[in-house]
Number of protein chains: 2
Amino acid sequence: MQSYTEENYLKTIYHLAEKTTNVQTNAIAEQMQTKPASVTDMIKKLAEKGLVDYIKYQGVTLTEAGKNTAVDIVRKHRLWEVFLVNKLNFKWDEVHDVAEELEHIKSIELIERLDEFLGFPKADPHGDPIPDKNGRFAKTQFIKLIELKIGDSGTITGVSQHSSAFLKHLEKLGLTLGKQIQISDITDFDGSVEIKLSDKQINISREVAKHILISSNGKN
Amino acid sequence: MQSYTEENYLKTIYHLAEKTTNVQTNAIAEQMQTKPASVTDMIKKLAEKGLVDYIKYQGVTLTEAGKNTAVDIVRKHRLWEVFLVNKLNFKWDEVHDVAEELEHIKSIELIERLDEFLGFPKADPHGDPIPDKNGRFAKTQFIKLIELKIGDSGTITGVSQHSSAFLKHLEKLGLTLGKQIQISDITDFDGSVEIKLSDKQINISREVAKHILISSNGKN
DNA sequence: AAAAATTTTTAGATTTACCTAAAAATTTAA
DNA sequence: TTAAATTTTTAGGTAAATCTAAAAATTTTT
């Protein structure tokens, strides 16, 4: 059994490893709002427990066991987010911090029943996939909105940025999960994207378009 | 803000204070599965924070602030128990340990929304009253089943013993919350009680009868 | 390929919540 | 009302997770 803190380290390493192969001490420290010296200490401990592979000065990678724990926490986090949004009417930009606490509740029974209660959701309120109880993720086929061409259409199925500011902005624009969109124009000047929604036409910046994920329903 | 451990001490002191006025060091130690020396340390800390009044060798009492925190934790614990039983189909003897963890999740918003989601329940799955968000308990009028006379009837509305063994036993006998009962006889020999339920007649020991709480609907 | 900059680790402390063993205070019993 | 038993506290220590400051290793730049 891991401590609350160990679980957080494993989760952080897991997420960082999605971007870079070798996860660096400083990156972990920054993410966890702590100091590199503290990270080194913890990494040694996790290595002794067989949860990470660690070579001095070379960064860390999760072992199979460490990855399993991390995925399990990700699963819990995302299921709780679904609960908060679908059952307790939280907004998608309000759930992260609470889920951060709830993800450490230890009962396996609890999570399996929660999963069932929620109808075995495949994605959380931001479109991030929820692993099943065996740690398997459903295959997802996302394209960044920015990569679409004029005339392409699809459904908003996720975001790759979870800040409250960004999510509130999308909400205001009416760009929420499940919405159908079509690219009507791409502005030469600033690369901003003109989008047709069912009921209106809007313009979004490149920066916003980068972080919206689309499941395409065919090019044109 | 209190730590997880501090919250548990306050909760334990609160519950012990329901039985004895002056809560003793040893009693706390036993309840918390720790040593008296550790309790003394923690009590000093809580006293410094103004959460308990403490005189050496004389035991502790909660201050107003300490009591507020304790009641808040009791509220959270009992609401989560309702959630587990009513929404996730846990049995009433399975919920305590998980609720023990969930009660420390810090978001006020979460608890208010959970309360609403559950329909503002007044009691947990064992019949224990749930304080409202201002810490006020609904008035409850319980009589111990053992105190009823032959011919008296009422509704099972609570239990004063939460062990899994006891709860499982009640379940098997069909003595669950909400059931209508009438006392048909009290055995001279061993004080065991003969009870009429809607569909059957059963006999329970004095020991069991002591821990069943009845809201009476009139003597006969 | 040195020098400079950056990253990482080590060394030594601190805080929280524990512990054991022994001393002190209180309560109970003779 | 002493003596014995019990309860509580003190003193001194430990383990987990942190920290700062300085040393060591690595990477980047010139």
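The values are calculated or read from the model by the stated rules, or taken from the named source; none is laboratory data. All values derive from a computational prediction rather than experimental measurement. Here Cβ is always computed from backbone atoms with ideal geometry, including for glycine, and neighbour counts include all displayed protein chains. Ligands, DNA and RNA are excluded from the accessible area calculation, which covers all protein heavy atoms including side chains. Shrake-Rupley method; radii C 1.70, N 1.55, O 1.52, S 1.80 Å.
Numerical summary
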quantity	calculated
Wholly enclosed strands (runs of 3 or more DSSP E) of region B:128-220 bearing at least 3 residues acidic (Asp, Glu) and in contact with a Pro (Cβ under 8 Å, 6 or more places away or on another chain)	none
Of residues in region B:116-132 being of a type in the set (Asp, Glu) and more than 10 Å from every other protein chain (Cβ to nearest Cβ), the one surrounded by the fewest Cβ atoms within 10 Å (Cβ to Cβ)	B:132
Considering residues of region A:13-27 that are more than 17 Å from the chain's Cα centre (by Cα) and not in a loop (DSSP other than H, G, I, E, B) only, the residue farthest from DNA strand C (Cβ to nearest atom)	A:23
Filter pass, residue A:170 being aliphatic (A, V, I, L, M), in contact with a Ser or Thr (Cβ under 7 Å, 6 or more places away or on another chain), more than 14 Å from chain B (Cβ to nearest Cβ) and within 30 Å of residue B:89 (Cβ to Cβ)	no
Filter result for residue B:112 (within 14 Å of another protein chain (Cβ to nearest Cβ), closer than 29 Å to residue B:44 by Cα and out of contact with any Phe, Trp or Tyr (no Cβ under 8 Å at 6 or more places or on another chain))	no
Flag for residue B:72 being within 16 Å of DNA strand D (Cβ to nearest atom) and outside the structural domain of residue B:172 (by TED's automatic domain parsing)	no
Subset of region B:21-35 (residues that are among the polar types (S, T, N, Q), open to solvent by less than 50 Å² (accessible area, probe 1.4 Å) and more than 8 Å from DNA strand D (Cβ to nearest atom))	B:34
Selection from region A:41-99 of residues that are away from every other protein chain (no Cβ under 14 Å), among the polar types (S, T, N, Q) and assigned to a loop (DSSP other than H, G, I, E, B)	A:58, A:63
Residues within region B:36-59 that are out of contact with any strand residue (DSSP E or B) (no Cβ under 6 Å at 6 or more places or on another chain) and either more than 11 Å from DNA strand D (Cβ to nearest atom) or open to solvent by 60 Å² or more (accessible area, probe 1.4 Å) (or both), tallied	12
Test: residue B:185 is surrounded by fewer than 16 Cβ atoms within 10 Å (Cβ to Cβ) and of a type in the set (D, E, K, R)	yes
Residues satisfying the stated conditions in region A:9-20, i.e. touching a residue at least 60 places away in the same chain (Cβ under 8 Å) and either of a type outside the set (A, V, I, L, M) or surrounded by fewer than 19 Cβ atoms within 10 Å (Cβ to Cβ) (or both)	A:11, A:14
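Each row is one residue, and each column tells you yes or no for (1) over 30 Å from residue B:97 (Cβ atoms); (2) at pLDDT 95 or above; (3) of a type in the set (A, V, I, L, M).
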residue: A:83; (1), (2), (3): no, yes, no
residue: A:88; (1), (2), (3): no, yes, yes
residue: A:95; (1), (2), (3): no, yes, yes
residue: A:126; (1), (2), (3): yes, yes, no
residue: A:159; (1), (2), (3): yes, yes, yes
residue: A:166; (1), (2), (3): yes, yes, no
